[in-house]
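The values are calculated or read from the model by the stated rules, or taken from the named source; none is laboratory data. Just so it is clear, the model here is predicted, and its values are computed rather than measured. Cβ placement follows ideal geometry from the backbone for every residue including glycine, while neighbour counts extend to all protein chains displayed. Accessible surface is based on the protein model in full, side chains and every heavy atom, while ligands, DNA and RNA are left aside. Shrake-Rupley method; radii C 1.70, N 1.55, O 1.52, S 1.80 Å.
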Amino acid sequence: QVELVESGGGLVQVGDSLTLSCTASGRTLSSNTMGWFRQAPGKEREFVAAINWSGSNIYYADSLKGRFTISRDNGGVYLRMIHLKPEDTAVYYCNEEFPTGWGAEWGQGTQVTVSS
């Protein structure tokens, strides 16, 4: 599993937008399905969105449909978030899916804090 590096988080206000990026350290992304997850303080890590290599299959957590958009290119996978809410505050992680499931290694993530 290659090292994945997340970036783009920050402190924003309610209603603001952010775009997160995930790149593979030192190389282009694999052709595996890529996904975004998040972990809020005191909560389990949860699935946010996933996209396959071609972008023909995209999945979102039901509660996030319409506000979050996942995309990818050879350089990375991205998560565009609009109309951010305080409950979106979390550390956001990307990962890649192997035949055995999501990768066991997690990066540092990128912190998103939505202030009201």
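Miscellaneous remarks
- Each Lys and Arg Cβ is given +1 and each Asp and Glu Cβ -1; about its Cα centre, the chain then shows a dipole of about 200 debye.
- For the chain: accessible area per residue (Å², 1.4 Å): 53 Å²
- Accessible surface of Asp16 - all protein chains present, 1.4 Å probe, nearest 10 Å²: 60 Å²
- His83/Ser56 FRET efficiency (R0 30 Å; Cβ-Cβ; nearest 0.05): 0.70
- With semi-axes defined as the square roots of five times the eigenvalues of the C-alpha gyration tensor, the equivalent ellipsoid of the range 31-79 measures 20, 12, 9 Å, largest first.
- Within the accessible surface of the chain, defined with a 1.4 Å probe on protein heavy atoms only, the carbon and sulfur portion equals 47 percent.
- Charge dipole magnitude, Cβ of K and R +1, D and E -1 - the range 1-59, Cα centre, debye nearest 20: 80 debye
- Alpha-carbon centroids, the range 1-39 and the range 74-96: separation in whole Å: 6 Å
- Accessible area of Lys43 (1.4 Å probe, protein heavy atoms only, ligands and nucleic acids ignored): about 140 Å².
- The candidates Glu44, Glu6, Glu97, arranged from most to least accessible area with a 1.4 Å probe in the full protein assembly, appear as Glu44, Glu97, Glu6.
- Enclosed volume per residue, in Å³, of the convex hull spanned by Cα atoms of the chain: 98 Å³
- Of Tyr78, Tyr92, Tyr59, the one that fluctuates the most in a GNM where the chain has Cα springs shorter than 10 Å: Tyr59
- Mean Cα-pair separation over length for the chain, i.e. relative contact order, pairs under 8 Å, 6 or more apart, %: 36 percent
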